[in-house]
Every structure is written in C-alpha cells, then in structure tokens.
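J.: Got a structure for you, questions after.
The numbers here are math on the coordinates, done by the rules we state, and not lab data. From a predicted model like this one, the values you see are computed outputs, not experimental measurements. With ideal geometry, Cβ positions are generated from the backbone for all residues, glycine too; neighbour counts draw on all protein chains shown.
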Amino acid sequence: MIPMTLDEIARACGASPHDVPDPGALVTAPAAVDSREVAPGGLFAATAGARTDGHDHAAAAVAAGAVAVLAARPVGVPALVVDDVRLALGLLARQLLRRIGPTVIGLTGSVGKTTTKDLLAQVLERHAATVATDRSYNNELGLPLTVLRADAATRHLVLEMGASRKGDLTYLTGIAPPRIGLVLNVGTAHLERMGTGRADVAEAKGELVEALPADGYALLNADDPYVLGMAGRTEAQILLYGRSPRARVRAERVRMDERARTAFELVTPSGRAPVALDLIGEHQVSNALAAAAVATALGLDAAEIADGLTAARRRSAGRLQITERPDGVTVVDDAYNANPESMRAGLRAAKALAGARRTVAVLGGMGQQADASRARHAEVGRLVAGLRFDVLITVGAGDPLATAEAARSSGVAVHAVEDVTEAIELATALLEPGDVVFVKASSEYGLGACARALATANQ
Ligand SMILES: Nc1ncnc2c1ncn2[C@@H]1O[C@H](COP(=O)(O)OP(=O)(O)OP(=O)(O)O)[C@@H](O)[C@H]1O
Ligand SMILES: [Mg+2]
C-alpha cells in the first residue's frame with residue numbers, strides 16, 4: 001500500500017470520519033477484514049460475515065495497530081464511516097490504482113484460477129515486482145484487498161477474478177481495469193446461481209474480455225469452444241493458447257513422469273523451450289500454457305517462461321497437495337473444492353500417480369450442480385470404477401450416495417459413511433502401507449479435515 005492519510009482515504013471513498021483525532025494520520029500497511037490479520041499501520045475493514053460482524057472487532061483491530069476502521073457505523077475508535085464497506089473498499093482500490101498504474105492482469109475461468117495465478121506469479125516475479133491474489137481472494141472483497149497490497153514499485157498485478165453471476169466481472173474490472181485478460185475455461189461450476197447452461201456461464205465470464213482496451217491482450221483457451229467464442233467480444237488483441245495446433249502458445253511432446261508430473265516443449269512466437277512441471281496431473285499443461293500466454297503478452301521469451309514454470313511450486317493448499325507418509329501411504333489432498341471438471345482431473349491425476357499401487361478415493365459431493373446433480377454424481381462413480389480405484393468411501397447423504405451406487409454397481413468396493421469423523425476412522429483403518437488415498441469434495445463437505453488427519457496419521 002502506498003502511504004495515504006485518513007483524510008485522503010475518506011475522500012477516495014466518500015467516508016465521514018468519526019472519533020478521528022488526526023485526519024493527517026498515515027495508513028502505510030494494507031487493509032484487512034480479519035482483525036487477527038491487521039498489520040501495524042494498516043486499515044481494518046469491518047464487514048459482516050456469516051459468523052461474525054467485523055464491527056465487534058474494531059477495538060481489537062485498532063489495538064493490533066490499525067490506524068482506523070472502515071465501518072458502516074461509528075465504533076468508538078477512529079473510523080471512516082460509509083454506507084457500504086465493500087463498495088468503499090472498491091473505490092479506494094480504484095483510486096490507489098490510478099496513482100500507481102501497474103499492469104493489471106485479470107484471470108477468470110471455472111477451474112484452475114488459483115493454480116494458474118500461482119504459476120503466473122512465480123513466472124513474473126523473477127522479472128519484475130509482482131503482487132498476486134492471496135489464496136482464492138477473488139471476489140468483491142478479496143480483489144480490493146489484493147489491490148491495496150500493491151505499491152509504487154509494483155509492476156504486475158495478477159488478479160484472480162471469480163464470477164458467480166452475471167455482472168460480477170463487470171464490477172471487478174471496474175475496480176481494477178485489466179490490460180491483460182485471461183479466460184481459462186467455461187465449465188459447470190456455479191450452475192445454480194448463473195442459469196442453466198455453459199452458454200450462461202460463458203456470457204458472464206466474457207465480461208472480462210469486454211473490459212479490455214484496444215491496446216490490451218485477451219488470452220483465450222483455444223481448446224474450449226466457449227472461451228474461443230469470446231473472441232468477438234473484445235477490442236483487445238487476441239492470443240490463443242492451448243493444445244490445439246492453431247494456438248500460438250502451445251505444448252508439444254507432452255509426457256508424464258512416474259510421479260504424474262508433466263513435461264512438455266513450450267512453443268511461443270519467440271521460440272521453444274522445455275518445461276518440467278512440479279505439479280501433478282495432465283490438466284496442469286493447460287494451466288501452464290495459460291500462464292505462458294500472459295507472460296508472452298508481457299514480452300517474456302519462451303526460455304524465460306519455461307524456466308519460471310519449471311521452478312514453480314504448488315503454493316495454495318488443498319489442490320492436489322501430496323503428503324508421503326512414513327509408512328508409505330501417499331495422501332493426495334484435493335479437498336479445497338470440487339466440481340465435475342476438477343473431480344475428473346483430480347481422480348485421473350491420483351491414478352496416474354499411483355500406477356500399480358492400491359488406490360482409495362474418499363469423496364463427498366459437488367455443490368451447485370442444479371438439476372443435473374444426481375446424474376453428475378453418478379458419473380463420478382462410474383469414473384472411479386473406470387479408472388479402477390480399489391476402494392471408494394463416500395461421505396454424506398444425498399448426492400454422494402449417487403456416486404456410491406454407480407461405483408458399486410460397476411464393481412468397486414464401496415463404503416458410504418455419514419460424516420467426516422466416520423470417514424477419518426474408516427480410511428485410517430483401511431489404509432495399508434503403499435496405498436494412495438485421494439480426498440475430494442466441495443468445500444462445504446469439510447473433507448479438508450479428513451485429508452489433514454490422514455496426512456498426519458502415522459507420523
Ligand atoms: N485445468 C484444470 N482442469 C480441471 N481441474 C483443475 C484444473 N486446474 C485445477 N484444477 C483442480 O480444480 C480445483 C480447484 O483448483 P483452483 O483452486 O486452482 O481453481 P479455482 O478456479 O481458483 O477455484 P475457485 O473458483 O474455488 O477459486 C482443484 O481441485 C484443482 O486440482
Ligand atoms: Mg480460486
């Protein structure tokens with residue numbers, strides 16, 4: 001964050017100061033919405049979450065070093081009071097960007113945003129000061145918080161942008177107008193809120209490329225027809241990436257090592273160079289090419305990009321996170337979230353990693369699949385059988401039972417348990433040295449706790 005006085009901040013977001021003894025006091029550290037994450041000299045934004053109201057933590061935030069609180073009402077400590085704290089954070093972020101002007105890179109898609117953002121940040125930060133979204137902070141709250149971490153030295157601002165409904169990306173790109181826009185894929189995530197089909201999802205995600213200027217770049221996945229279809233919705237130059245031969249940034253000679261990591265030859269308009277990824281699963285090729293396309297648009301050559309991709313490591317937890325236990329069990333924690341695309345990619349990656357070893361899948365459901373939910377869960381069960389997993393443990397009533405039934409009738413040994421505690425007990429009892437266990441569900445199933453328990457057992 002570049003230093004701003006409380007008075008400047010108040011003007012940027014139309015706030016009225018309350019209990020502010022010194023309007024000239026400087027905010028020098030980024031904003032936080034969790035009082036435990038406040039940095040001395042920072043700003044605390046009081047928002048109402050599902051469990052707590054930030055206003056109740058205002059005093060604690062100031063005690064922890066916050067210069068003031070951005071709040072919806074006076075809170076008895078120095079506060080900048082606004083009607084809507086989220087909107088105000090957005091206005092402040094917009095103002096900050098006007099002052100510092102880094103190259104804004106927006107990326108969206110149904111799956112792989114965080115993975116790709118982490119890869120891209122690692123490629124770019126070798127060359128110039130880069131600020132990227134932390135974790136998956138990709139919404140109207142997380143995006144301004146990321147922007148507010150940028151300062152005068154920041155050259156690249158990599159922003160993960162989530163779209164759960166139409167208008168979301170128009171709002172986010174209004175706060176941080178991108179010069180470079182990357183669309184990964186159009187899948188079936190968030191169907192319940194967006195409408196009924198992929199065309200609706202594409203309509204919403206295309207708002208990103210609509211926001212790009214004529215001297216900007218739209219990086220589009222040539223392997224996804226819905227993404228390709230966005231080419232007509234932007235003034236920006238288009239650069240296609242993907243496995244398709246028509247893509248200008250593409251992968252050739254893709255192969256997988258014995259630990260399910262992929263290697264390939266990266267081809268860009270500047271030449272070609274070998275990449276060996278540290279991440280597991282063939283789907284990572286698409287994520288890596290997406291990052292390579294952005295880096296190409298920013299002027300990096302094939303060798304620089306390939307080196308950055310090869311040096312990159314997994315940064316975010318719960319995405320195909322691997323733990324090798326001392327007893328020889330490998331735990332693959334993909335429990336951060338799930339939809340049909342990531343379920344397929346994860347099951348395949350775990351099986352590729354396992355080779356001939358015994359494989360156990362612990363699966364909950366995939367949220368937000370609307371009317372197609374039962375059918376999609378049954379498909380997962382058939383895939384578990386088709387990939388020859390040895391054991392399946394499903395967790396929870398409802399949709400996961402459709403997975404269980406389909407797998408059982410295709411010959412897999414299936415156990416259907418009710419909750420995470422039972423899943424941990426059963427998996428712990430079942431696992432034998434040498435097994436590979438894959439754990440995945442939508443976040444609301446809480447299977448992260450199961451993956452962590454299994455990863456730390458027998459230590
Ligand atoms: N290209 C891909 N195709 C299919 N699955 C993928 C791909 N990239 C990542 N995944 C899987 O999708 C899940 C989510 O990955 P990631 O967190 O990178 O996506 P995201 O788009 O940021 O998700 P969210 O919308 O929840 O923020 C993980 O299980 C990951 O392994
Ligand atoms: Mg994410």
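J.: Is the range 318-459 best put as rounded, prolate or oblate by its Cα gyration tensor, with a ≥ b ≥ c the root eigenvalues, rounded for a/c under 1.5, and otherwise prolate when a/b is larger than b/c, oblate when not?
T.: Note, shape of the range 318-459 comes out prolate.
J.: Using Cα pairs under 8 angstrom and six or more residues apart, how large is the relative contact order of the chain, in percent?
T.: Value for the chain: 10 percent.
J.: Right, here's the next one. Going toward the positive end of the dipole of the range 176-308, with +1 on Lys and Arg Cβ and -1 on Asp and Glu Cβ, which of ALA199, GLY271, SER244 do you reach last?
T.: So the residue furthest toward the plus end is SER244.
J.: Sorting VAL391, VAL186 on the 10 Å Cβ count, fewest up front, what's the list?
T.: Ranking VAL391, VAL186 by Cβ neighbours within 10 Å, fewest first, gives VAL391, VAL186.
J.: Which of the DSSP-defined H helices in the chain satisfy a minimum axial length of 18 Å, computed from C-alpha atoms, and a minimum mean Kyte-Doolittle hydropathy of 0.0?
T.: Flagged H segments are 85-100, 284-297.
J.: Distance between the C-alpha centers of the range 215-266 and the range 372-390? Whole Å please.
T.: 28
J.: Return the percentage of antiparallel bridges among DSSP beta bridges fully within the chain, rounded to the nearest 5 %.
T.: Given both bridge residues lie in the chain, the antiparallel proportion sits at roughly 30 percent.
J.: Binning every alpha carbon pair distance of the range 96-218 at 5 Å from zero, what are the percents per bin?
T.: 2, 13, 23, 25, 20, 10, 5, 2, 0
J.: Mind checking which lysines have their Cα closer than 18 Å to the Cα of LYS440? Skip sequence neighbours fewer than 8 apart in that chain.
T.: LYS113, LYS351
J.: Sticking with this structure for a sec: For the range 316-453, what relative contact order do you get, as a whole percent, if you take Cα pairs closer than 8 Å and at least 6 residues apart?
T.: 35 percent.
J.: Here is a further query. Only Lys, Arg, Asp and Glu count, each charged at its Cβ (+1, +1, -1, -1), so figure out the dipole size of the chain about its Cα centre, rounded to 20 debye.
T.: Result for the chain is approximately 1080 debye, rounded to the nearest 20.
J.: Next question. Given the C-alpha atoms of the range 332-401, compute the convex hull and give its volume per residue in Å³.
T.: 78
J.: Using alpha-carbon positions, what is the distance between the centroids of the range 281-320 and the range 17-39, in Å?
T.: With the range 281-320 and the range 17-39 each reduced to a Cα centre, they are spaced 36 Å.
J.: Hey, with R₀ at 60 Å, roughly what FRET efficiency would ASP7 and SER409 work out to, going by the Cβ-Cβ distance, to 0.05?
T.: 0.30
J.: If you count, for each residue, the other Cβ atoms within 10 Å and average over each peptide, how do 134-140, 19-25 line up from highest to lowest?
T.: Highest-to-lowest ranking by the protection proxy: 134-140, 19-25.
J.: How high is the relative contact order of the range 37-162, given as a whole-number percent (alpha carbon pairs under 8 Å, six or more residues apart)?
T.: 21
J.: Using the number of other C-beta atoms within 10 angstrom as an exposure proxy, rank SER443, SER16 with the fewest first.
T.: Starting with the residue having the fewest Cβ neighbours, the order is SER16, SER443.
J.: Also, I was wondering about something else. May I ask you to list the aspartates and glutamates whose Cα is less than 16 Å away from that of LYS166, ignoring any residue fewer than eight positions away on the same chain?
T.: GLU140, GLU192, ASP200, GLU203, GLU207, GLU210
J.: To one decimal place, what Kirkwood hydrodynamic radius in Å is obtained for the chain from all pairs of distinct Cα atoms?
T.: Over the chain, the inverse of the mean reciprocal pair distance is 23.3 Å.
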